[in-house]
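What follows is a short report on a single structure.
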Amino acid sequence: MTGVGYEPRGEFRLNGQAVRPAERPELQTCLACGVLCNGAQLVHEDGAWRIVGDPTEAALLAAAARRVSGRATWRSPCYVNELPFDSERKMMSVLRRDPDGGLTLYVKGAPDVASEPVRFGF
């Protein structure tokens with residue numbers, strides 16, 4: 001991925017060739033999870049981009065914004081509940097209601113750590 005800092009401008013590349021995220025469903029899914037399972041914010045003030053929250057999470061937001069050439073838009077499913085990141089699980093989980101009424105669990109964290117099933121208690 002090209003770009004500077006948290007500015008939502010840049011492009012995706014694979015083997016030196018530009019990649020169109022709209023043509024790569026796996027990339028779209030990864031970017032969506034990075035946005036929908038996130039607690040950071042990108043803020044544009046006085047001509048500069050700054051972050052509120054975790055720098056890694058902000059980088060995921062910037063990456064997603066780059067998928068649409070600087071316009072950070074995403075149709076966000078309704079937030080239901082979350083399990084925040086903790087050092088034992090090494091992941092965070094966010095449950096969201098889809099427009100069709102179904103539920104999707106978005107999980108972000110260390111892929112090498114086995115975890116117990118996620119339980120939200122409702």
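Here are the numbers for this structure:
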quantity: Qualifying residue in segment 69-78 (condition: modelled with pLDDT of 85 or more and within 17 Å of the chain's Cα centre (by Cα)); calculated: yes
quantity: Pair list, Cβ < 6 Å and 6+ apart or interchain, from segment 79-99 residues that are closer than 12 Å to CYS37 by Cα to residues that are surrounded by 13 or more Cβ atoms within 10 Å (Cβ to Cβ) and of a type in the set (Ser, Thr, Tyr); calculated: LEU83/SER93; VAL94/TYR106; ARG96/THR104
quantity: Sole exception among (1) within 16 Å of MET1 (Cβ to Cβ); (2) modelled with pLDDT under 85 for ASP112, by number; calculated: (1)
quantity: All positions within segment 11-36 that are surrounded by 11 or more Cβ atoms within 10 Å (Cβ to Cβ) and either farther than 28 Å from SER93 by Cα or acidic (Asp, Glu) (or both); calculated: GLU11, ARG13, VAL19
quantity: Test: residue in segment 69-83 that is of a type in the set (Phe, Trp, Tyr), out of contact with any helix residue (DSSP H, G or I) (no Cβ under 8 Å at 6 or more places or on another chain) and surrounded by fewer than 13 Cβ atoms within 10 Å (Cβ to Cβ); calculated: yes
quantity: Hits in segment 1-25 - residues which are closer than 14 Å to LEU60 by Cα and of a type in the set (S, T, N, Q); calculated: THR2
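The values are calculated or read from the model by the stated rules, or taken from the named source; none is laboratory data. Please read all numbers here as calculations on a predicted model, not as lab measurements. We place every Cβ from the backbone using ideal geometry, glycine too, and count neighbours over all the protein chains shown.
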